[in-house]
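The block underneath contains the structure these notes are about, expressed in C-alpha cells.
Throughout, read-outs are computed from the coordinates displayed, never taken from laboratory work. Keep in mind the model is a prediction, meaning the values are calculated, not measured. Glycine also receives a Cβ, built like all others from the backbone with ideal geometry; neighbour counts cover every protein chain displayed.
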Amino acid sequence: MTSDAGRFSGKVVAITGAAHGIGAASALRFLSEGAKVAVIDREGEGFAENLGGTTDDRLLTMAGDCTDAAVLAEFHQHVVARFGAVDILFNNVGQSGRERAAQFHESEEEVWRFVLEVSLFTAMRMSRLVVPSMRERGGRIINMSSDAALVGDAGLADYAAAKMGIIGFTRSLARELAPHRVTVNAVAPGAIRTRAHDRLTPAVIERIKATTPAGFIAEPEDVAGCVAFLASEDARYVTGQTLLIDGGRWMI
Ligand SMILES: NC(=O)c1ccc[n+]([C@@H]2O[C@H](COP(=O)([O-])OP(=O)(O)OC[C@H]3O[C@@H](n4cnc5c(N)ncnc54)[C@H](O)[C@@H]3O)[C@@H](O)[C@H]2O)c1
C-alpha cells in the first residue's frame, strides 16, 4: 500500500470500459486506495484477467455495451443498490474508428456516429444518471479525452471531434456543478501502452516516440494516478480542466 492508502475509503467509484487498459488500471488504483469500485465493459471476460478476479466485495463488475442507454441505466441501478450513490464517475470508455478510420474525404457517416456514440454520448448519458444525486452530495466526474483532439491527429477527424466534444462538455458541466461541490475534469492522454498501442507497427511506435519530448510511451497506471488525483480532496479547487498526460507532445 502507498501512503495514499485509504484516500478513497467509503467512496463509490464507477468506471466505464474497465476490463482492460486505462480503465482497468484505474479500477485497481481506486481499489488499492480503499474505494468501492463498479465497472462495466462489453468484454466481461477481461475482468478476471485484469482485475484479479471478481471476488473482492468492494468490486462490482457488469458485462454490457455502454453505447446502449438501457444497459448504462441498469449498471447505474446495480451500483446504487449494492454500494449507494456514485461519488466518483470516470467516463473512460471510448475509441476511434480503428480499422474503419479513414482520411476525411473517404470517411463514412456510420463510422462518425459510432465514434461519437462510444466516445462522447456514453459520457453524457452516464453523467446524466449520476448528476442528480451528485448535486445533493457533491462528487467528482472525470471524462476521457485524448491529446488527439488538441493535436488534431490526421485521419481521425471523428475521434478528434468526439474528444474535443468531451472537453466542451466537461467545461460546461463543471460550471453548472461547481456550486454543488462537484468537480468535472478531463484527462487527455497521448500514447499509452494498451491494446490499441499493441496494434501499431514498430515504425509508427518509433514515430510517436520521436515526436514525444519525454521519448517514451507511458503505462495505463500513469493515467490512473492522474485520475485518482483529480478524484481526490487535493483537487477540490480544480474544475473544468483538461489534464494532458502525453509526455509533452502538446502543451497548453
Ligand atoms: N491508449 C491510448 O494511447 C489512449 C490515448 C488517449 C485516449 N485514450 C482513451 O482512453 C480510453 C481507454 O482506452 P484504452 O487505451 O485503455 O483501451 P483498451 O482497449 O485497452 O480498453 C478499453 C476498454 O473499453 C471497453 N469497451 C470498448 N467499447 C465498449 C463499449 N461500447 N461498451 C463497453 N465497454 C467497451 C473495451 O472492451 C476495453 O476493455 C478510451 O476512451 C480511449 O479513447 C487512450
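What the table shows:
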| read-out | value |
| --- | --- |
| FRET efficiency estimate (nearest 0.05) - Cβ-Cβ, GLU221 to GLU117, R0 45 angstrom | 0.95 |
| FRET E, pair ALA196, ALA63, Förster distance 22 Å, beta-carbon r, rounded to 0.05 | 0.60 |
| Phi-based couplings in Hz for the stretch 230-235 (Karplus 6.51, -1.76, 1.60; Gly and Pro marked x) | 5, 7, 8, 5, 4, 9 |
| Length gained when the stretch MET251-THR211 is fully extended (0.36 nm per residue, less Cα-Cα span) | 13.1 nm |
| Under 21 Å from the Cα of LYS11 - lysines, other chains or at least 8 residues apart | LYS36 |
| Only Lys, Arg (+1) and Asp, Glu (-1) charged, at Cβ; the stretch 172-233 dipole about Cα centre in debye | 200 |
| Computed [θ] at 222 nm, helices only, for the chain once each DSSP H run of length n ≥ 4 contributes -39500 (n - 2.57) | -13000 deg cm²/dmol |
| Residues in the stretch 82-100 that a label on GLU136 would reach, taking backbone N under 12 Å of a point 7 Å out along Cα→Cβ | 85-86 |
| Whether the chain is rounded, prolate or oblate, judged on the alpha carbon gyration tensor where a/c under 1.5 counts as rounded | rounded |
| Quarter of Cα convex hull surface for the stretch 209-252, i.e. mean projection, nm² | 3.5 |
| Spacing of the two label points (7 Å from each Cα toward its C-beta) at ASP153 and GLU176, in nm | 2.9 |
| Sorted by Cβ density within 10 Å, fewest first, the residues VAL227, VAL80, VAL238, VAL118 | VAL238, VAL80, VAL118, VAL227 |
| Per principal axis, descending, Cα span of the stretch 1-51 in whole Å | 32, 18, 15 |
| Assigned charges on the beta-carbon of Lys, Arg, Asp, Glu; the chain dipole about Cα centre (debye) | 760 |
| Nearest-ten-degree value, helix 69-83 long axis tilted from longest Cα axis of the chain | 40 |
